[in-house]
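The structure under discussion appears below in the form of structure tokens.
The values are calculated or read from the model by the stated rules, or taken from the named source; none is laboratory data. These numbers were taken from a predicted model, which means no experiment stands behind them. Virtual Cβ from ideal backbone geometry, glycine too; neighbours counted across all protein chains shown. Accessible surface is based on the protein model in full, side chains and every heavy atom, while ligands, DNA and RNA are left aside. Shrake-Rupley method; radii C 1.70, N 1.55, O 1.52, S 1.80 Å.
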Amino acid sequence: AACLERDDCGGITQEPYNDNRYTLRVGPELYEGVSPTDEISWVTCEAGIGGLDWNIFSMAQQAALPVSFDGEERYFVSVPCSTDVWFKLFLFGEDSQNSHVELFSKTAGNIYCHDAGTRSWWGGAKTDFNIDQAMQCEDGDTRIILIVEQTSDFIAIKNRGTTLYSQTFGADDGDCGKATTRVTTQVWTDDVELFLAVLNVPIIEVEIQEDIWCEYQDSYLYTYSSGTSSYDDLASAKAACLERDDCGGITQEPYNDNRYTLRVGPELYEGVSPTDEISWVTCEAELLKRNDKEELNDTEELKDKE
């Protein structure tokens, strides 16, 4: 619900390493099947990589964008599928260039860190790399979308959820990993147009209550709970039931203006309501009862065999 009300929310990621909290994420790129920490994410089915503010650049036209990030930096570069392109992103800090990311083709590039190593290459050091994985075009498109991610600890180049290259920063890597305030471009391949987009990726943490209730059609529970036991809406009935020691579930009564009633139960009479009642019990409670029944049945079978 909260994500759908936000203009800057592209989906939700559950963090197992943070008490399984649900966090709203900007995205929009979904890194599918590659989480090293068993994260789970949700995006709307129609969500795509649209919505970015693309800036054209080429050999004759430089892009120069002021940027401000809250944590992780992300740069999106759109290049043609049909040809190799040689281009570079320069990442500047407050006073000077921090680093650059350069791709000579779809298979090779380098990372430059200012004030790094022996400072023997333009006042810093560069790391050449090769790309073994094939870059993938966007579905139904003639473009490849590359994503450059940078934090204070690492830089990575990705394409459709696959990490093409990554480099961890250490004490000897100079200005790499320092915050970027401006990004510029340079292109050495003639007669091609590239596009650059920048995206800030804050993590907006909110509480999202998991639905702990399981619904059963044509089912009912016996006996009304003590006190107020009838409600106009399901949400109020659920909240009240969780606060009652004598509430085992909720039954909706079609014959009583579809009121939601708190019931003691705990036995759920599933699929046998003659009046099309619908009932809700907490999923955990019902699972425990079913397990108890299975254990009892197994014990009785063993007794019969004896």
Item checked: Residues of the range 1-35 with amide N under 14 Å of the 7 Å Cα→Cβ point at residue 153 -> 17-18
Checklist line | Computed [θ] at 222 nm, deg cm²/dmol, the chain (DSSP H ≥ 4; -39,500 (n - 2.57); rounded to nearest 500) | finding: -3500 deg cm²/dmol
Notebook entry, point to check: Between Rg and the Kirkwood Rh of the range 1-140, both from Cα atoms, what is the Rg to Rh ratio?
Noted result: 1.00
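In the neighborhood of residue 275, defined by Cβ-to-Cβ distances under 15 Å, what is the net charge if each Lys or Arg adds +1 and each Asp or Glu adds -1?
Within the 15 Å Cβ shell, the charges total -4.
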Notebook entry, point to check: Computed over the Cα atoms of the range 211-268, what is the ratio Rg over Rh, Rh following Kirkwood?
Noted result: 0.91
Notebook entry, point to check: Put 222, 31, 112 in order of accessible area, largest first, 1.4 Å probe: what do you get?
Noted result: 222, 31, 112
Notebook entry, point to check: Taking the simple approach of a point 7 Å from Cα along Cα-to-Cβ for both residue 234 and residue 218, what is their distance in nm?
Noted result: 1.9
Item checked: Heavy-atom SASA rank of 267, 138, 5 (probe 1.4 Å, accessible area, largest first) -> 5, 267, 138
Next item on the list: Within the set of other residues whose C-beta is less than 13 Å from the C-beta of residue 93, count the net charge using Lys and Arg as +1 and Asp and Glu as -1.
Entry: -3
Check: Mind checking the angle between helix 283-305 and the chain's longest principal axis? C-alpha axes, 0 to 90 degrees, to the nearest 10.
Finding: 60
Next item on the list: Could you rank 158, 126 by how accessible they are, 1.4 Å probe, largest area first?
Entry: 126, 158
Notebook entry, point to check: Given a 1.4 Å probe, how much area per residue of the range 94-148 is accessible, in Å²?
Noted result: 53
Item checked: Chain lengthening between residue 168 and residue 60 when straightened (0.36 nm per residue, less Cα-Cα) -> 35.6 nm
Item checked: Pairwise label distance in nanometres, residue 2 with residue 72, each label 7 Å out on the Cα-Cβ vector -> 1.8
Next item on the list: Project the alpha carbons of the range 132-275 onto their principal axes and report the range along each, largest first, in whole Å.
Entry: 78, 41, 27
Note to self: Using a Förster radius of 35 Å, what is the FRET efficiency between residue 118 and residue 141 based on their Cβ-Cβ separation? Nearest 0.05, please.
What the structure shows: 0.20
Next item on the list: Mind checking which of 82, 281, 28 is farthest towards the positive end of the chain's charge dipole, using Cβ charges of +1 (Lys, Arg) and -1 (Asp, Glu) about the Cα centre?
Entry: 82
Check: Where the eigenvalues come from the Cα gyration tensor of the chain, what are the semi-axes √(5λ) of the equivalent ellipsoid, largest first, in whole Å?
Finding: 57, 21, 19
Next item on the list: Please work out the C-alpha center-to-center distance from the range 94-134 to the range 170-195 and express it in whole Å.
Entry: 9
Next item on the list: Could you tally the net charge around residue 151, taking each other residue with its Cβ under 9 Å from the Cβ of residue 151, Lys/Arg +1 and Asp/Glu -1?
Entry: -4
Check: Where a ≥ b ≥ c are the square roots of the eigenvalues of the C-alpha gyration tensor, would you call the range 70-124 rounded, which needs a/c under 1.5, or, failing that, prolate if a/b is larger than b/c, or oblate?
Finding: oblate
Notebook entry, point to check: What's the extension gain from residue 179 to residue 134 if we count 0.36 nm per residue and subtract their Cα-Cα distance?
Noted result: 13.2 nm
